[in-house]
Amino acid sequence: TEIYTLSLHDALPIYPEDLSGTVIQMVHPWVGPVADVIQSAATRFSLSNPYDIWVEVEAAGSDSALLDYLDQALIEGEPPGLVVTYPYHLMLFEDRYFSVPLTDYIMHPEWGLSPDALADIPTIFLDQYTIDGDLTAVPIAPQATVLFYNQTWAQELGFSSGPENDADFHQQSCAAVYANNQDKDEGNDGTGGWLISFDPVTLTSWYSAFGGELTDDGVLQFDTPEARQSFGYLKSVYDEGCIWIGRRPEPYYYFANRFALMYAGSLTQIPHQSSWMTASESADAWHVRGFPGPDGEQILIGGPGLVLTADTPEKQLAAWLFARFLLTNEVQADLAEAGFTLPVRRGALTLLTEFADRNPQWAEAVDMVDVARPLPISDSWGVGQWVLQDAIYSYMLSEKPDLDLTLEQLDAMINELTRE
């Protein structure tokens with residue numbers, strides 16, 4: 001089957017009647033409430049669109065299960081027309097899947113988004129998927145990585161506000177450790193400061209907070225002055241005993257019971273933390289904040305995008321029309337409530353007033369969108385994030401650390417794996 005990369009500026013007319021009876025298959029990695037919202041949106045679109053397009057949705061259940069689904073779909077000769085994934089995942093299929101450029105679709109005067117709708121989308125959400133001027137995917141449910149912060153405990157320790165820079169973070173983490181070491185409870189000795197995380201997005205958030213550029217023409221690089229400053233800073237605070245490694249796989253108990261003043265997590269963890277605060281009978285006020293570097297706070301935003309992979313002009317346009325429907329304020333508001341994601345459209349916030357009132361931490365993250373930076377979507381990031389995790393974990397726990405050598409070997413390994 002020849003794969004068309006359709007440009008609506010080409011002399012290839014498609015009329016509404018050409019779309020009648022078109023069936024589009026969409027696959028995504030989610031389960032639970034987010035999957036329910038997408039299924040509901042597909043049903044509403046299928047029953048109401050004027051073009052007689054029908055959308056079938058498959059919930060794979062996870063990123064790895066989605067890749068298995070795509071592989072099997074190729075074997076059966078029935079690849080989906082829409083895939084919610086990271087663009088670099090399609091590289092695993094060696095050009096058997098093609099991402100259709102979406103710039104001409106989204107800008108088209110009839111089929112695209114209106115100028116007002118485009119202006120309603122924060123720049124970061126589209127910039128993340130724009131490569132060499134081509135929009136490779138559209139955002140559907142962006143997610144942010146933030147610091148969870150116990151304000152009440154910090155105030156008791158003598159701090160009137162959260163850490164706004166690296167010096168503040170150091171001071172507050174050390175104060176929390178000192179407080180736990182000095183109280184009468186021996187069970188919390190050695191805890192109190194930031195509960196360290198080696199999640200690659202968390203590590204990259206620190207790197208970004210210290211001014212690190214995430215990619216150079218799509219290539220991930222960490223052998224930089226900013227990496228030496230950021231990871232060297234974390235190592236020094238760790239060696240001082242002011243950040244610590246927990247034994248539990250989840251941070252909720254530690255945070256609710258004042259074993260951790262701060263921890264890094266995504267917005268999806270807000271309802272879990274709220275439940276733990278209630279279960280622990282904690283009345284502490286808590287917030288989400290950015291990662292504090294020398295010049296202020298920084299957060300990173302990422303998440304899988306909606307990739308158009310349909311293989312005929314008619315299916316491509318039909319798939320785009322459903323993608324456009326998923327970007328409406330109503331669907332975006334439903335997704336935000338279901339998954340604690342960031343709405344792609346600012347206009348969706350008018351439908352989320354009560355949700356924001358019930359979840360002030362989520363609203364705090366929304367307020368940081370305009371100063372956030374996007375996570376990379378390059379193939380280099382797809383491989384390199386796990387190399388970064390291993391390298392910094394080994395460096396942080398090393399008794400004879402050599403950061404220069406670590407970063408040199410880190411970049412060399414990323415380059416070698418990416419070339420393969």
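In a DSSP loop and with at most 10 other Cβ atoms within 10 Å, the trypsin sites (Lys or Arg not before Pro) in region 190-269 are 247.
Modelled spin-label separation between residue 405 and residue 272, with each label point placed 7 Å from Cα along the Cα-to-Cβ direction: 3.7 nm. Start at zero, step by 10 Å, and the Cα-Cα distances of the chain spread as 4, 21, 29, 24, 15, 6, 1, 0 percent across the bins.
Taking every Cα-Cα distance in region 214-371 and sorting them into 5 Å bins from zero, the calculated P(r) comes out as 1, 7, 12, 14, 15, 15, 13, 10, 7, 3, 2, 0, 0 percent. Along region 285-291 the Karplus relation, 6.51 cos²θ - 1.76 cosθ + 1.60 evaluated at θ = phi - 60°, assigns HN-Hα couplings of 7, 9, 9, 10, 9, x, 7 Hz to successive residues, with x for each Gly and Pro. Each residue of region 313-325 was assigned a 3J(HN,Hα) from its phi angle through the Karplus expression (A = 6.51, B = -1.76, C = 1.60, θ = phi - 60°), giving x, 5, 5, 4, 5, 4, 5, 4, 5, 6, 4, 4, 4 Hz with x at Gly and Pro. With R₀ fixed at 30 Å, the C-beta to C-beta distance from residue 64 to residue 250 puts the FRET efficiency at about 0.90. One compactness figure for region 61-141 is 1.24, namely its Cα radius of gyration divided by 2.2 N^0.38 Å.
Separation of region 106-149 from region 256-308 is 24 Å, based on Cα centroids. Can you tell me which of 249, 87, 122 moves the most in a GNM of the chain? Springs connect C-alpha atoms under 10 Å apart. Fluctuation is largest for 249.
The accessible surface of region 243-315, taken with every protein chain in place and a 1.4 Å probe, is 46 percent carbon and sulfur. Rolling a 1.4 Å probe over the protein heavy atoms gives the chain an accessible area of 45 Å² per residue. For region 166-224 versus region 45-68, the inter-centroid distance based on Cα atoms is 40 Å. Computed from label points 7 Å out along Cα-Cβ, the spacing between residue 178 and residue 283 is 2.7 nm. Proximity of backbone amide H atoms, modeled 1.01 Å from N, is registered between residue 293 and 166, 298 at under 5 Å, excluding neighbours fewer than 5 places apart on the same chain.
Of all lysines in the structure, those lying under 24 Å Cα to Cα from residue 235, and not within fewer than 8 positions of it along the same chain, are 400. Secondary-structure-derived ellipticity at 222 nm for the chain, considering helices only, amounts to -13000 deg cm²/dmol, per-run term -39500 (n - 2.57) for DSSP H runs with n ≥ 4. Couplings for region 130-145, taken from phi via the Karplus curve 6.51 cos²θ - 1.76 cosθ + 1.60 with θ = phi - 60°, read 9, 10, 6, x, 9, 7, 8, 6, 10, x, 10, 8, x, 10, 10, 9 Hz in order; Gly and Pro are left as x. Mean-square fluctuations from a GNM of the chain, with a 10 angstrom spring cutoff on Cα atoms, peak among 130, 350, 328 at 350. What fraction of the Cα pairs in region 56-198, stated in percent, has a spacing above 28 angstrom? Here the tail beyond 28 Å accounts for 51 percent of pairs. Ligands, DNA and RNA left out, the accessible area of region 54-162 computed with a 1.4 Å probe is 49% carbon and sulfur. For the residues 64, 208, 46, a GNM of the chain with alpha-carbon springs under 10 Å puts the largest fluctuation on 64.
If you bin all the Cα-Cα distances of region 167-250 at 10 Å, starting from zero, the percentages per bin are 17, 42, 26, 12, 3, 0. Which one, 159, 123, 90, is farthest towards the positive end of the dipole of region 70-163 when Lys and Arg carry +1 and Asp and Glu -1 on their Cβ? Ranked along the dipole, the leading option is 159. Computed about the Cα centre, the dipole magnitude for region 182-230 is approximately 60 debye when only Lys and Arg (+1) and Asp and Glu (-1) carry charge, each at its Cβ.
If you place +1 on the Cβ of every Lys and Arg and -1 on the Cβ of every Asp and Glu, how big does the dipole about the Cα centre of the chain come out, in debye to the nearest 20? Please list the in-between numbers first.
On the way: 17 positive and 62 negative charges, 195 e Å.
My answer is approximately 940 debye.
For the chain, the share of DSSP beta bridges that are antiparallel, to the nearest 5, is 60%.
In this rough spin-label picture, where each label sits 7 Å from Cα along the Cβ direction, the residue 123-residue 52 distance is 4.5 nm.
The values are calculated or read from the model by the stated rules, or taken from the named source; none is laboratory data. Everything quoted here is computed from the prediction, not taken from an experiment. Counting neighbours? That spans all protein chains shown, and the Cβs are built from the backbone with ideal geometry, glycine included. Note: areas computed on protein heavy atoms with side chains; ligands, DNA, RNA excluded. Shrake-Rupley method; radii C 1.70, N 1.55, O 1.52, S 1.80 Å.
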